[in-house]
Amino acid sequence: MDAPHKLRTDALVATGAGALSAVLAFVTDGGRFPDAFGWVLLLCSALPLVWRRRNPVAVLLAMIPVLMAYHLLDNAHSAPMPQTFVVLYTVAVTGRPLRTLLTGCAVIAVMVSVVGVIDAHHGLELLRISGWIVAVLFCGVDVRIYRQYVASMVERAERAERTREEEARRRVAEERLRIARDLHDLLAHSITVIGVQTSVASHILTVDPDRLDREAVARALDDIAGTCREARAELRTTLQVLRDGSEGGDGPLPGLAALPGLVRAAETAGATVELSVRAPEGRIAPATGAAAYRIVQEALTNSVRHAGEGVRIEVRVEPDPAFPALRVTVADDGAPSARGRSGEAGHGPGFGLVGMRERARSSGGTLDAGPLADGGFQVAAVLPLPGSPAGRPATAAGREGAVL
(Lines give C-alpha, C1' and ligand atoms only; values in the text may rest on other atoms or scores of the structure.)
Protein backbone atom coordinates (compact mmCIF):
# COMPACT_ATOMS: atom_id res chain seq x y z
CA MET A 1 0.00 0.00 0.00
CA ASP A 2 2.97 2.35 0.51
CA ALA A 3 4.87 1.36 -2.63
CA PRO A 4 5.98 4.17 -4.97
CA HIS A 5 4.23 4.73 -8.33
CA LYS A 6 1.06 3.05 -7.09
CA LEU A 7 -1.14 4.36 -9.90
CA ARG A 8 1.28 3.24 -12.59
CA THR A 9 1.70 -0.19 -11.02
CA ASP A 10 -2.05 -0.70 -10.71
CA ALA A 11 -2.53 0.40 -14.31
CA LEU A 12 -0.14 -2.35 -15.37
CA VAL A 13 -2.02 -4.82 -13.16
CA ALA A 14 -5.34 -3.79 -14.78
CA THR A 15 -3.82 -4.17 -18.25
CA GLY A 16 -2.48 -7.61 -17.42
CA ALA A 17 -5.82 -8.74 -15.95
CA GLY A 18 -7.69 -7.48 -19.05
CA ALA A 19 -5.27 -9.26 -21.40
CA LEU A 20 -5.56 -12.52 -19.45
CA SER A 21 -9.37 -12.21 -19.53
CA ALA A 22 -9.27 -11.84 -23.29
CA VAL A 23 -7.18 -15.00 -23.59
CA LEU A 24 -9.56 -16.92 -21.32
CA ALA A 25 -12.51 -15.74 -23.41
CA PHE A 26 -11.01 -17.57 -26.40
CA VAL A 27 -9.99 -20.82 -24.72
CA THR A 28 -12.78 -21.49 -22.19
CA ASP A 29 -16.49 -22.30 -22.19
CA GLY A 30 -16.39 -24.44 -25.34
CA GLY A 31 -15.80 -21.67 -27.86
CA ARG A 32 -18.49 -19.34 -26.50
CA PHE A 33 -16.99 -16.00 -27.50
CA PRO A 34 -18.28 -12.65 -26.29
CA ASP A 35 -19.99 -10.36 -28.75
CA ALA A 36 -18.87 -6.79 -29.33
CA PHE A 37 -20.73 -5.43 -26.32
CA GLY A 38 -19.47 -8.38 -24.28
CA TRP A 39 -15.88 -7.46 -25.16
CA VAL A 40 -16.51 -3.89 -24.05
CA LEU A 41 -17.97 -5.09 -20.73
CA LEU A 42 -15.11 -7.55 -20.22
CA LEU A 43 -12.42 -4.91 -20.72
CA CYS A 44 -14.35 -2.31 -18.73
CA SER A 45 -14.53 -4.73 -15.79
CA ALA A 46 -10.72 -4.61 -15.57
CA LEU A 47 -10.50 -0.81 -15.80
CA PRO A 48 -11.44 -0.05 -12.11
CA LEU A 49 -8.37 -2.01 -10.96
CA VAL A 50 -6.33 1.15 -11.67
CA TRP A 51 -7.75 2.61 -8.42
CA ARG A 52 -7.81 -0.59 -6.37
CA ARG A 53 -5.34 0.69 -3.72
CA ARG A 54 -7.25 3.93 -3.09
CA ASN A 55 -10.61 2.34 -2.33
CA PRO A 56 -10.80 -1.42 -2.94
CA VAL A 57 -14.43 -1.75 -1.79
CA ALA A 58 -15.58 1.00 -4.17
CA VAL A 59 -13.70 -0.71 -7.01
CA LEU A 60 -15.46 -4.00 -6.19
CA LEU A 61 -18.85 -2.30 -6.13
CA ALA A 62 -18.10 -0.66 -9.47
CA MET A 63 -17.16 -4.00 -11.03
CA ILE A 64 -20.26 -5.90 -9.85
CA PRO A 65 -22.84 -4.27 -12.20
CA VAL A 66 -20.45 -4.53 -15.16
CA LEU A 67 -19.87 -8.22 -14.51
CA MET A 68 -23.56 -8.87 -13.90
CA ALA A 69 -24.39 -7.39 -17.33
CA TYR A 70 -21.57 -9.40 -18.87
CA HIS A 71 -22.89 -12.68 -17.46
CA LEU A 72 -26.53 -11.87 -18.22
CA LEU A 73 -25.59 -11.65 -21.91
CA ASP A 74 -24.38 -15.27 -21.58
CA ASN A 75 -20.78 -14.58 -22.52
CA ALA A 76 -17.78 -16.72 -21.53
CA HIS A 77 -18.35 -16.95 -17.77
CA SER A 78 -14.77 -17.89 -16.84
CA ALA A 79 -13.13 -14.96 -18.63
CA PRO A 80 -13.59 -12.24 -15.91
CA MET A 81 -11.94 -14.38 -13.22
CA PRO A 82 -8.51 -12.58 -13.23
CA GLN A 83 -9.88 -9.12 -12.34
CA THR A 84 -12.33 -10.71 -9.91
CA PHE A 85 -9.52 -12.49 -8.07
CA VAL A 86 -7.35 -9.34 -8.03
CA VAL A 87 -10.04 -7.13 -6.52
CA LEU A 88 -11.06 -9.79 -3.98
CA TYR A 89 -7.42 -10.20 -2.92
CA THR A 90 -7.07 -6.43 -2.55
CA VAL A 91 -10.22 -6.24 -0.40
CA ALA A 92 -8.96 -9.09 1.79
CA VAL A 93 -5.43 -7.75 2.24
CA THR A 94 -6.57 -4.23 3.14
CA GLY A 95 -9.57 -4.93 5.40
CA ARG A 96 -10.49 -6.75 8.56
CA PRO A 97 -11.32 -10.48 8.34
CA LEU A 98 -15.02 -9.84 9.06
CA ARG A 99 -15.30 -7.51 6.07
CA THR A 100 -13.49 -10.08 3.94
CA LEU A 101 -15.87 -12.84 5.01
CA LEU A 102 -18.97 -10.77 4.27
CA THR A 103 -17.55 -9.66 0.92
CA GLY A 104 -16.75 -13.22 -0.12
CA CYS A 105 -20.20 -14.49 0.78
CA ALA A 106 -21.86 -11.62 -1.09
CA VAL A 107 -19.77 -12.10 -4.24
CA ILE A 108 -20.36 -15.85 -4.36
CA ALA A 109 -24.10 -15.38 -3.78
CA VAL A 110 -24.42 -12.76 -6.54
CA MET A 111 -22.38 -14.76 -9.06
CA VAL A 112 -24.22 -18.00 -8.44
CA SER A 113 -27.62 -16.25 -8.55
CA VAL A 114 -26.92 -14.41 -11.80
CA VAL A 115 -25.38 -17.38 -13.60
CA GLY A 116 -28.03 -19.73 -12.18
CA VAL A 117 -30.79 -17.62 -13.70
CA ILE A 118 -29.16 -17.88 -17.10
CA ASP A 119 -28.10 -21.52 -16.94
CA ALA A 120 -28.66 -23.71 -13.90
CA HIS A 121 -25.89 -26.07 -14.98
CA HIS A 122 -23.34 -23.26 -15.17
CA GLY A 123 -24.61 -21.92 -11.83
CA LEU A 124 -23.90 -25.25 -10.12
CA GLU A 125 -20.53 -25.45 -11.87
CA LEU A 126 -19.68 -21.94 -10.64
CA LEU A 127 -20.72 -22.91 -7.11
CA ARG A 128 -18.45 -25.93 -7.33
CA ILE A 129 -15.40 -23.89 -8.34
CA SER A 130 -16.13 -21.06 -5.89
CA GLY A 131 -13.46 -22.61 -3.70
CA TRP A 132 -10.99 -20.59 -5.76
CA ILE A 133 -12.67 -17.41 -4.55
CA VAL A 134 -12.41 -18.60 -0.94
CA ALA A 135 -8.75 -19.49 -1.50
CA VAL A 136 -8.00 -15.99 -2.86
CA LEU A 137 -9.72 -14.39 0.13
CA PHE A 138 -7.81 -16.56 2.59
CA CYS A 139 -4.57 -15.72 0.77
CA GLY A 140 -5.28 -12.00 1.21
CA VAL A 141 -6.09 -12.44 4.90
CA ASP A 142 -2.92 -14.47 5.42
CA VAL A 143 -0.77 -11.83 3.70
CA ARG A 144 -2.41 -9.10 5.81
CA ILE A 145 -1.67 -10.99 9.05
CA TYR A 146 1.90 -11.63 7.94
CA ARG A 147 2.42 -7.94 7.18
CA GLN A 148 1.04 -6.99 10.58
CA TYR A 149 3.38 -9.49 12.22
CA VAL A 150 6.39 -8.10 10.36
CA ALA A 151 5.36 -4.53 11.23
CA SER A 152 5.03 -5.45 14.91
CA MET A 153 8.47 -7.12 14.84
CA VAL A 154 10.00 -4.03 13.26
CA GLU A 155 8.30 -1.80 15.81
CA ARG A 156 9.52 -3.93 18.71
CA ALA A 157 13.04 -3.92 17.28
CA GLU A 158 12.98 -0.13 16.91
CA ARG A 159 11.58 0.25 20.43
CA ALA A 160 14.24 -2.08 21.80
CA GLU A 161 16.93 -0.11 19.97
CA ARG A 162 15.60 3.14 21.39
CA THR A 163 15.52 1.57 24.85
CA ARG A 164 19.12 0.39 24.49
CA GLU A 165 20.23 3.82 23.36
CA GLU A 166 18.41 5.50 26.26
CA GLU A 167 19.90 2.99 28.71
CA ALA A 168 23.37 3.60 27.27
CA ARG A 169 22.91 7.36 27.60
CA ARG A 170 21.68 6.94 31.16
CA ARG A 171 24.65 4.77 32.09
CA VAL A 172 27.06 7.23 30.51
CA ALA A 173 25.45 10.10 32.44
CA GLU A 174 25.63 8.15 35.71
CA GLU A 175 29.27 7.21 35.12
CA ARG A 176 30.16 10.79 34.22
CA LEU A 177 28.44 12.03 37.38
CA ARG A 178 30.21 9.41 39.51
CA ILE A 179 33.62 10.32 38.09
CA ALA A 180 32.85 14.02 38.60
CA ARG A 181 32.05 13.30 42.25
CA ASP A 182 35.28 11.33 42.67
CA LEU A 183 37.39 14.05 41.12
CA HIS A 184 35.64 16.76 43.13
CA ASP A 185 36.09 14.92 46.42
CA LEU A 186 39.71 14.08 45.66
CA LEU A 187 40.85 17.44 44.32
CA ALA A 188 38.85 19.61 46.71
CA HIS A 189 40.18 17.74 49.74
CA SER A 190 43.78 17.57 48.54
CA ILE A 191 43.96 21.16 47.30
CA THR A 192 42.36 22.47 50.49
CA VAL A 193 44.80 20.58 52.69
CA ILE A 194 47.76 21.60 50.54
CA GLY A 195 46.61 25.22 50.63
CA VAL A 196 46.38 25.23 54.43
CA GLN A 197 49.76 23.50 54.80
CA THR A 198 51.34 25.98 52.40
CA SER A 199 49.88 28.84 54.43
CA VAL A 200 51.43 27.35 57.58
CA ALA A 201 54.85 27.12 55.92
CA SER A 202 54.52 30.65 54.57
CA HIS A 203 53.53 31.93 58.00
CA ILE A 204 56.55 30.30 59.60
CA LEU A 205 58.87 31.82 57.00
CA THR A 206 57.48 35.35 57.20
CA VAL A 207 56.58 35.89 60.86
CA ASP A 208 60.08 35.71 62.31
CA PRO A 209 62.75 35.07 59.67
CA ASP A 210 65.56 35.55 62.19
CA ARG A 211 64.33 32.63 64.27
CA LEU A 212 63.40 30.25 61.49
CA ASP A 213 61.90 27.00 62.70
CA ARG A 214 63.41 24.70 60.11
CA GLU A 215 61.84 21.61 61.64
CA ALA A 216 58.34 23.05 61.38
CA VAL A 217 58.90 24.14 57.79
CA ALA A 218 60.27 20.71 56.87
CA ARG A 219 57.31 19.04 58.56
CA ALA A 220 54.85 21.23 56.62
CA LEU A 221 56.60 20.49 53.34
CA ASP A 222 56.62 16.76 54.11
CA ASP A 223 52.89 16.94 54.79
CA ILE A 224 52.38 18.67 51.44
CA ALA A 225 54.40 15.99 49.67
CA GLY A 226 52.45 13.22 51.40
CA THR A 227 49.14 14.79 50.45
CA CYS A 228 50.32 15.09 46.85
CA ARG A 229 51.30 11.40 46.79
CA GLU A 230 47.90 10.33 48.15
CA ALA A 231 46.09 12.55 45.66
CA ARG A 232 48.19 11.19 42.82
CA ALA A 233 47.43 7.59 43.81
CA GLU A 234 43.68 8.23 44.00
CA LEU A 235 43.74 10.19 40.76
CA ARG A 236 45.54 7.28 39.06
CA THR A 237 42.83 4.91 40.28
CA THR A 238 40.07 7.19 38.98
CA LEU A 239 41.75 7.58 35.59
CA GLN A 240 42.15 3.80 35.40
CA VAL A 241 38.37 3.56 35.56
CA LEU A 242 38.15 5.82 32.52
CA ARG A 243 40.72 3.77 30.60
CA ASP A 244 39.50 0.27 31.43
CA GLY A 245 35.82 0.95 32.13
CA SER A 246 36.06 -1.15 35.31
CA GLU A 247 34.64 -0.14 38.65
CA GLY A 248 37.42 0.97 40.93
CA GLY A 249 40.30 0.47 38.50
CA ASP A 250 43.21 -1.62 39.78
CA GLY A 251 42.84 -0.57 43.41
CA PRO A 252 40.13 -1.24 45.98
CA LEU A 253 37.49 1.32 46.84
CA PRO A 254 38.32 3.43 49.90
CA GLY A 255 36.43 2.40 53.01
CA LEU A 256 36.22 2.85 56.76
CA ALA A 257 39.79 1.60 57.23
CA ALA A 258 41.08 4.66 55.35
CA LEU A 259 39.38 7.21 57.63
CA PRO A 260 42.47 7.71 59.89
CA GLY A 261 44.36 8.97 56.86
CA LEU A 262 41.73 11.66 56.33
CA VAL A 263 41.96 12.61 59.98
CA ARG A 264 45.75 12.96 59.79
CA ALA A 265 45.48 15.15 56.71
CA ALA A 266 42.94 17.41 58.44
CA GLU A 267 45.12 17.63 61.54
CA THR A 268 48.13 18.68 59.51
CA ALA A 269 45.93 21.52 58.19
CA GLY A 270 45.45 22.80 61.76
CA ALA A 271 42.22 21.09 62.77
CA THR A 272 41.64 18.98 65.87
CA VAL A 273 39.75 15.84 64.92
CA GLU A 274 38.17 13.26 67.21
CA LEU A 275 37.48 10.05 65.31
CA SER A 276 35.15 7.32 66.56
CA VAL A 277 34.59 4.35 64.26
CA ARG A 278 32.49 1.40 65.34
CA ALA A 279 32.06 -0.95 62.42
CA PRO A 280 28.80 -2.95 62.29
CA GLU A 281 28.77 -6.70 62.45
CA GLY A 282 29.09 -8.49 59.16
CA ARG A 283 30.42 -7.32 55.86
CA ILE A 284 29.91 -3.77 54.62
CA ALA A 285 29.25 -3.38 50.92
CA PRO A 286 32.19 -1.69 49.16
CA ALA A 287 29.88 0.99 47.76
CA THR A 288 28.59 1.80 51.27
CA GLY A 289 32.11 2.02 52.68
CA ALA A 290 33.24 4.21 49.79
CA ALA A 291 30.22 6.50 50.26
CA ALA A 292 30.98 6.87 53.98
CA TYR A 293 34.64 7.63 53.20
CA ARG A 294 33.79 10.27 50.58
CA ILE A 295 31.19 11.92 52.82
CA VAL A 296 33.67 12.20 55.69
CA GLN A 297 36.33 13.46 53.27
CA GLU A 298 34.13 16.23 51.89
CA ALA A 299 32.78 17.17 55.33
CA LEU A 300 36.34 17.50 56.71
CA THR A 301 37.33 19.55 53.67
CA ASN A 302 34.42 21.93 54.24
CA SER A 303 35.23 22.26 57.94
CA VAL A 304 38.91 23.00 57.31
CA ARG A 305 38.11 25.43 54.50
CA HIS A 306 35.24 27.39 56.08
CA ALA A 307 35.61 27.08 59.86
CA GLY A 308 39.19 28.31 59.99
CA GLU A 309 42.34 27.13 61.74
CA GLY A 310 41.95 25.50 65.14
CA VAL A 311 38.47 24.11 64.44
CA ARG A 312 37.46 21.08 66.46
CA ILE A 313 35.78 18.32 64.46
CA GLU A 314 34.04 15.21 65.73
CA VAL A 315 33.64 12.28 63.33
CA ARG A 316 31.41 9.40 64.36
CA VAL A 317 30.76 6.28 62.29
CA GLU A 318 28.56 3.72 63.98
CA PRO A 319 25.68 1.35 63.27
CA ASP A 320 22.19 2.69 63.76
CA PRO A 321 20.66 1.20 66.92
CA ALA A 322 17.17 0.96 65.44
CA PHE A 323 17.74 -0.05 61.82
CA PRO A 324 20.38 -2.00 59.89
CA ALA A 325 22.12 1.13 58.67
CA LEU A 326 25.44 2.93 59.06
CA ARG A 327 25.27 6.41 60.61
CA VAL A 328 27.97 8.88 59.62
CA THR A 329 28.15 12.17 61.53
CA VAL A 330 30.71 14.95 61.09
CA ALA A 331 30.25 18.00 63.34
CA ASP A 332 32.50 20.98 63.99
CA ASP A 333 32.42 24.03 66.25
CA GLY A 334 32.99 26.58 63.48
CA ALA A 335 31.13 29.86 63.40
CA PRO A 336 27.51 29.56 62.26
CA SER A 337 28.01 32.54 59.96
CA ALA A 338 30.29 30.51 57.70
CA ARG A 339 27.60 30.16 55.09
CA GLY A 340 30.00 29.48 52.25
CA ARG A 341 29.96 25.74 52.90
CA SER A 342 26.31 25.62 51.82
CA GLY A 343 27.05 27.67 48.73
CA GLU A 344 24.91 30.61 49.80
CA ALA A 345 27.58 33.28 50.09
CA GLY A 346 31.25 33.94 50.42
CA HIS A 347 32.63 31.32 48.04
CA GLY A 348 30.02 31.12 45.32
CA PRO A 349 27.97 28.05 44.51
CA GLY A 350 29.74 24.76 45.14
CA PHE A 351 29.12 21.07 44.69
CA GLY A 352 30.22 19.74 48.08
CA LEU A 353 26.83 19.23 49.71
CA VAL A 354 25.26 18.22 46.40
CA GLY A 355 27.98 15.60 45.90
CA MET A 356 27.57 14.25 49.44
CA ARG A 357 23.81 13.89 48.96
CA GLU A 358 24.40 12.10 45.65
CA ARG A 359 26.89 9.82 47.38
CA ALA A 360 24.36 8.90 50.03
CA ARG A 361 21.57 8.47 47.47
CA SER A 362 23.73 6.23 45.25
CA SER A 363 23.97 3.69 48.08
CA GLY A 364 20.27 3.97 48.97
CA GLY A 365 20.70 6.33 51.93
CA THR A 366 19.98 9.94 52.84
CA LEU A 367 21.99 12.92 54.08
CA ASP A 368 21.17 16.09 56.00
CA ALA A 369 23.46 19.04 56.59
CA GLY A 370 23.04 22.35 58.37
CA PRO A 371 24.18 24.61 61.21
CA LEU A 372 23.79 23.49 64.81
CA ALA A 373 21.79 25.49 67.31
CA ASP A 374 24.78 26.17 69.60
CA GLY A 375 27.18 26.97 66.78
CA GLY A 376 29.05 24.87 64.29
CA PHE A 377 27.98 22.77 61.37
CA GLN A 378 26.95 19.14 61.12
CA VAL A 379 26.66 16.61 58.32
CA ALA A 380 24.66 13.47 59.08
CA ALA A 381 24.18 10.56 56.70
CA VAL A 382 22.34 7.27 57.04
CA LEU A 383 23.57 4.52 54.70
CA PRO A 384 21.60 1.25 54.58
CA LEU A 385 23.34 -2.04 55.24
CA PRO A 386 22.42 -5.44 53.76
CA GLY A 387 18.98 -6.46 55.01
CA SER A 388 17.79 -2.89 55.47
CA PRO A 389 14.07 -2.58 54.60
CA ALA A 390 13.28 0.05 51.99
CA GLY A 391 12.36 3.38 53.45
CA ARG A 392 13.78 2.88 56.97
CA PRO A 393 17.04 4.78 56.47
CA ALA A 394 15.07 7.78 55.23
CA THR A 395 13.04 7.74 58.44
CA ALA A 396 16.22 7.69 60.49
CA ALA A 397 17.63 10.53 58.44
CA GLY A 398 14.50 12.53 59.04
CA ARG A 399 15.02 12.10 62.79
CA GLU A 400 18.59 13.36 62.43
CA GLY A 401 17.32 16.34 60.41
CA ALA A 402 15.06 17.23 63.32
CA VAL A 403 18.10 17.35 65.62
CA LEU A 404 19.82 19.69 63.20
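The values are calculated or read from the model by the stated rules, or taken from the named source; none is laboratory data. Everything numeric in this text was worked out from a predicted model, so none of it was measured. Remember, those area values only see protein heavy atoms, side chains included, never the ligands or the DNA or RNA. Shrake-Rupley method; radii C 1.70, N 1.55, O 1.52, S 1.80 Å.
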For D223 the rounded accessible area (nearest 10 Å², probe 1.4 Å, non-protein molecules ignored) is 40
Mean separation of Cα contacts under 8 Å (at least 6 apart) over the residue count of the range 24-81, i.e. the relative contact order in percent, is 52
Residues meeting the amide H criterion for V311 (H placed from the backbone, H to H distance under 5 Å, 5 or more places apart or on another chain) are T272
